[in-house]
1. Taking amide H positions as placed 1.01 Å from N in the peptide plane, with prolines and chain starts having none, which residues 5 or more places from V49, or on another chain, fall under 5 Å of its amide H?
2. Please get the size of the charge dipole for the range 271-377, origin at its Cα centre, with Cβ charges of +1 on Lys and Arg and -1 on Asp and Glu, quoted in debye to the nearest 20.
3. For the range 193-303, what does the relative contact order come out to in percent, with C-alpha contacts under 8 Å and a separation of six or more?
4. I need W65, W60, W191 ordered by Cβ neighbour count within 10 Å, fewest first.
5. Relative contact order of the range 301-382: what whole-number percent is it, with Cα pairs under 8 angstrom and at least 6 residues apart?
6. Can you give the calculated 222 nm mean residue ellipticity of the chain, where each DSSP H run of n ≥ 4 adds -39,500 (n - 2.57) and the sum is split over every residue, rounded to the nearest 500 deg cm²/dmol?
7. Note down the magnitude of the dipole of the chain about its Cα centre, charges +1 on Lys and Arg C-beta and -1 on Asp and Glu C-beta and zero elsewhere, to the nearest 20 debye.
8. Determine ³J(HN,Hα), in whole Hz, for all residues of the range 274-282 in sequence, where each value follows from phi through the Karplus function 6.51 cos²θ - 1.76 cosθ + 1.60 and θ = phi - 60°; x replaces Gly and Pro.
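Coordinate-derived values only; no laboratory data. These numbers were taken from a predicted model, which means no experiment stands behind them. Note that we place each Cβ from the backbone using ideal geometry, even for glycine, and neighbour counts take in every protein chain shown.
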Amino acid sequence: MSSAFASLWAEIAPIGLTDNGYLRFALTEPERVLRDWFRNQADRRDMTVTEDGNGNLFAWRGEPWADGVVLTGSHFDSVPHGGGYDGPLGIVSAFLAVDRLPAGRNVAVAAFCEEEGGRFGVPCLGSRLLTGAIDPSHAARLCDRDGVSFEEALGYRPAGPRRLRFKAAVELHIEQGRALDVPVGVASAIWPHGRWRFDFRGDADHAGTTRMADRRDPMLTYAYMVLAANKEARLAGAHATIGRVAVEPNATNAIPSLVRGWLDARAADESTLETLVEAIVKRATDRAGRDGIAVSVEPESVTAEVAFDTALASRVSELLGDAPILPTGAGHDAGVLSAHVPTAMLFVRNPTGVSHSPAEHATDDDCEAGVEALATVLLELT
Ligand code: GLV
Ligand code: MN
Ligand code: MN
């Protein structure tokens, strides 16, 4: 007989699954199917569902937006061709943990919108809007790769912040590194991180007829920037990734006019991150000058370091039999909430540490242990 976790998990596992991981972009069809599933789960538990005007769904036990509710949940959206656990594990586990709570314990389960920034470019967009960390008119105008704005996808103009009266928040998430070797851990901090868009502009021309010496090819400057970012990050003990690139005109037989690359940079502290990004920008700019290429750099989102409430993290760890407390380089809605609500995070072991990949995985037994841990914590906090 399958466990409570395995049977609920099986309900959502096929949604958005392709032959190469998941496509669950925010507010697209698979994510809307997951939202319907969320409403249905709430109905089954007599929980009231509200949308907060920013695309975030909440299922409430007790009166919506009342004082002193404990918030849990996570997000449904995935990176392109990602795994199934990053996000949805926290929502499925939340409903199962609610099932274990006695009546009268007021909790809310959240499904935050566009956590990955995979569609509109800014991660944790829903929680940023809810907490006032992003201007709603700026968020409304963010566009996906087909030119559809966030406002159009949402169907209304985002409302922006609400006064949050949650007593505490706890997000359960699959661990995304190799640092957790027991089923459940507790978060201490999130590395500061951000996204910077680099535009390299040169001259489009014929690949066959333009002499090598006559070219202004932005691909070369871009390639140099990628190598420089990797080297600078290694020297700083930080992380730098260029995982997304766009080329115009994107033709095999044309020298590009534009190469646009997105730098994702993260470090254990803010001054290391700042120094790292400055070094990468300087090396790209110097090289662009030598190559005759115009370069511009635009920060698309920058997230400060998050230190979770230390007393709460210790209390949660103790409740869970001295669960390990560890930092992460991954961003989370819990990090955004933590500036407004006492917040904790639980991590469920990921045997390989692989994430943002179809190979992401956690065992059913560890996920069950995660549900148990979340229920224990919610019971205590409510
Ligand atoms: C979210 O998963 C991020 O850290 O990019
Ligand atoms: Mn993620
Ligand atoms: Mn996530």
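1. Placed amide hydrogens put W60 under 5 Å from V49.
2. 520
3. Worked out over the range 193-303, it gives 45 percent.
4. Ascending number of Cβ neighbours within 10 Å: W65, W60, W191.
5. 27
6. After summing the helix terms and dividing by the residues of the chain, the value is -10500 deg cm²/dmol.
7. The dipole of the chain has a size of about 680 debye.
8. Per residue, the Karplus-derived 3J(HN,Hα) values read 4, 5, 4, 5, 4, 5, 5, 4, 5 Hz.
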